[in-house]
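What follows is a single structure, written as structure tokens, with notes after it.
The values are calculated or read from the model by the stated rules, or taken from the named source; none is laboratory data. Note that this is a predicted model, so its numbers are computed, not measured. Neighbour counts are summed over all protein chains in view; Cβ atoms, including those assigned to glycine, are modelled from backbone coordinates with ideal geometry. With ligands, DNA and RNA removed, areas are computed over all heavy atoms of the protein, side chains included. Shrake-Rupley method; radii C 1.70, N 1.55, O 1.52, S 1.80 Å.
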Amino acid sequence: MPGIEVHQVTEDRPDLLEALVAVRAVTDREVNPDDPPAPAEEVAPELFSEWAMVRHVGFVASVDGSPAGELGLAAEKTEENAHMVDVEWLAVDPLHRRRGVADALLRTGLGWAEDHGRSAAVLWAPTLPGGAGRAYAERCGATLRLEERCSRLPVAELDRVRQDEWLRAGRERTDGYRIVQWVGPTPEQHLEALVAAHRAMEDMPTDELDWTVPPMTPERLRSRDEVWAARGRCNVSTLALAPDGAAAGLSELQINTHRPELAGQGDTGVVADHRGHGLGRWLKAENLRLALDTEPRIRIVETYNAESNPWMLDINVAMGFRPHVGYQAFQGDVAAMRKIVG
Ligand SMILES: CC(C)(COP(=O)(O)OP(=O)(O)OC[C@H]1O[C@@H](n2cnc3c(N)ncnc32)[C@H](O)[C@@H]1OP(=O)(O)O)[C@@H](O)C(=O)NCCC(=O)NCCS
């Protein structure tokens with residue numbers, strides 16, 4: 001039997017962080033072969049960050065002293081989802097597979113989850129050739145609940161003619177809708193409206209996942225802005241306001257200051273009363289334009305959508321986003337999974 005060891009990565013153990021960063025470089029390459037590897041400065045705040053809504057923890061496994069696998073957990077602190085833990089990234093170096101490394105990591109992670117009052121776990125698995133993630137999750141007794149599409153927009157392939165059309169259509173509107181934009185933390189004068197716009201996310205499709213979109217509050221938004229800044233994410237925001245000044249929608253995008261070529265689309269949502277007026281397209285076009293003006297080195301924008309959300313997928317496809325990889329969410333019972341992984 002190989003000597004498998006699992007440790008929680010803590011701020012006082014730079015050696016463990018270094019091991020996890022080394023594993024990440026290998027396992028991320030399988031999903032994103034063209035991306036530069038994530039540096040330690042990017043990975044560390046992901047593992048140690050805690051904010052008003054979520055606590056993150058990370059574990060690293062070694063085999064006979066060599067880094068072999070990693071596990072990243074996210075435990076929501078909101079009342080609605082206090083029973084759940086997200087297994088955001090469980091991955092093993094291909095050289096060390098089928099030797100029990102994933103089981104050793106999950107055993108430790110599920111122990112942590114139970115100690116923190118979690119009874120349900122969601123395993124996120126990329127749809128890579130060979131289907132190892134799905135096979136592993138199903139063997140752990142978890143069932144498929146949600147399919148997400150991770151899409152990427154290569155900026156060089158952005159449909160600029162269409163973008164300009166959407167910008168023009170928005171700017172020539174005469175129905176009283178307007179937008180405001182900023183880069184960085186939310187300005188005080190827009191906080192309340194942005195919170196209201198975020199609540200448009202509450203009816204996004206979550207399919208069979210036993211998870212509730214947690215309502216945004218001013219305190220949560222402030223805390224999120226702080227954690228993003230600590231993670232080296234520069235948030236670009238566009239807020240739509242209705243003729244009466246009420247929040248109508250939002251679109252957000254995060255510039256990654258550690259790897260400026262890779263940007264991440266954040267939330268885009270239109271408040272129910274204001275849907276069907278082309279605000280989604282306008283918001284996305286204006287926000288992307290501001291992001292590219294702010295950080296011209298952006299080469300790729302990545303976005304995640306539920307496969308059951310054709311409205312958002314249609315807008316993204318029209319902009320030039322193309323499917324990159326799927327992520328499937330499998331949910332199971334923590335106690336039952338612990339029995340299986342030993
Ligand atoms: C999925 C993954 C984490 C499994 O890691 P691993 O260390 O090889 O898994 P383990 O050795 O602990 O496997 C334990 C059991 O899970 C099942 N299993 C693991 N990989 C499997 C595969 N490719 N096909 C079928 N069953 C599999 C088997 O029952 C295995 O026991 P066995 O080897 O005695 O038959 C790894 O393949 C990986 O990193 N894949 C890419 C990332 C990913 O898909 N992550 C999502 C995880 S939910």
Practice prompt. Among residues belonging to the range 254-271 that are β-branched (Val, Ile, Thr) and touching a Lys or Arg at 6+ places or on another chain (Cβ under 9 Å), point out the one that is most open to solvent (accessible area, probe 1.4 Å).
Written response: Thr257
Worksheet, complete the sentence: The condition of being more than 16 Å from the ligand (Cβ to nearest atom), in contact (Cβ under 8 Å) with a residue 60 or more places away in the chain, loosely packed, with under 15 Cβ neighbours inside 10 Å and over 30 Å from Ala91 (Cβ atoms) holds, among Asp175, Asp164, only for Asp175
Worksheet item: How many residues does the range 1-20 hold that are more than 16 Å from the ligand (Cβ to nearest atom), of a type outside the set (S, T, N, Q) and surrounded by 16 or more Cβ atoms within 10 Å (Cβ to Cβ)?
Response: 4
Discussion item. Taking the conditions exactly as written (at pLDDT 95 or above, in a strand (DSSP E or B), crowded, with 16+ Cβ neighbours inside 10 Å and more than 16 Å from the ligand (Cβ to nearest atom)), does Ile298 satisfy them or not?
Written reply: no
Worksheet item: Residue check, Arg152 against (1) buried (at least 18 other Cβ atoms within 10 Å of the Cβ); (2) within 24 Å of His7 (Cα to Cα); (3) under 20 Å from the mean Cα position of the chain (by Cα), all met but one. Which one?
Response: (2)
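Residue-by-condition table, conditions (1) within 18 Å of the chain's Cα centre (by Cα); (2) surrounded by 15 or more Cβ atoms within 10 Å (Cβ to Cβ); (3) more than 26 Å from Ala306 (Cβ to Cβ):
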| position | (1), (2), (3) |
| --- | --- |
| Ile179 | no, yes, no |
| Pro187 | no, no, yes |
| Glu192 | no, no, yes |
| Trp211 | yes, yes, no |
| Glu219 | no, no, yes |
| Arg222 | no, yes, yes |
| Glu226 | yes, no, yes |
Item to complete: Determine whether Ala306 is under 16 Å from the mean Cα position of the chain (by Cα) and open to solvent by less than 20 Å² (accessible area, probe 1.4 Å).
Response: yes
Practice prompt. Scan (1) more than 25 Å from Arg168 (Cβ to Cβ); (2) surrounded by 15 or more Cβ atoms within 10 Å (Cβ to Cβ) for the single condition His274 breaks and write down its number.
Written response: (1)
Worksheet item: Of the residues that make up the range 277-289, is at least one free of Cβ contacts under 8 Å to residues at least 12 places away in the same chain and open to solvent by 20 Å² or more (accessible area, probe 1.4 Å)?
Response: no
Worksheet item: Going by the conditions given, is Glu202 of a type in the set (Asp, Glu), within 16 Å of the ligand (Cβ to nearest atom), surrounded by 13 or more Cβ atoms within 10 Å (Cβ to Cβ) and under 24 Å from Gln265 (Cα atoms)?
Response: no
Item to complete: Starting from the range 131-142, take each residue that is open to solvent by 70 Å² or more (accessible area, probe 1.4 Å) and list its partners that are near the ligand (Cβ under 6 Å from one of its atoms), counting only C-beta distances under 7 angstrom and pairs at least six apart or across chains.
Response: Arg134/Ala125
Worksheet item: Looking at Val92, Val101, Val63, Val87, which one is within 12 Å of the ligand (Cβ to nearest atom) and either open to solvent by 10 Å² or more (accessible area, probe 1.4 Å) or touching a Ser or Thr at 6+ places or on another chain (Cβ under 8 Å) (or both)?
Response: Val92
Worksheet item: Does the range 42-51 contain at least one residue that is modelled with pLDDT of 95 or more and of a type in the set (S, T, N, Q)?
Response: no
Worksheet item: What about Glu41, is it part of a strand (DSSP E or B), in contact (Cβ under 8 Å) with a residue 40 or more places away in the chain and of a type in the set (Asp, Glu)?
Response: no
Worksheet item: Which is open to solvent by 20 Å² or more (accessible area, probe 1.4 Å), more than 14 Å from the ligand (Cβ to nearest atom) and either under 26 Å from Glu11 (Cβ atoms) or in contact with a Ser or Thr (Cβ under 8 Å, 6 or more places away or on another chain) (or both), of Glu42, Glu79, Glu114?
Response: Glu114
Worksheet item: For Ala200, are the conditions met, namely being closer than 30 Å to Leu105 by Cβ and either within 22 Å of the chain's Cα centre (by Cα) or of a type in the set (Phe, Trp, Tyr) (or both)?
Response: no
Worksheet item: Restricting the range 333-342 to residues that are closer than 19 Å to His83 by Cα and open to solvent by less than 10 Å² (accessible area, probe 1.4 Å), which is farthest from the ligand (Cβ to nearest atom)?
Response: Val334
Worksheet item: Which numbered condition trips up Arg233, out of (1) within 26 Å of Glu42 (Cβ to Cβ); (2) open to solvent by less than 40 Å² (accessible area, probe 1.4 Å)?
Response: (2)
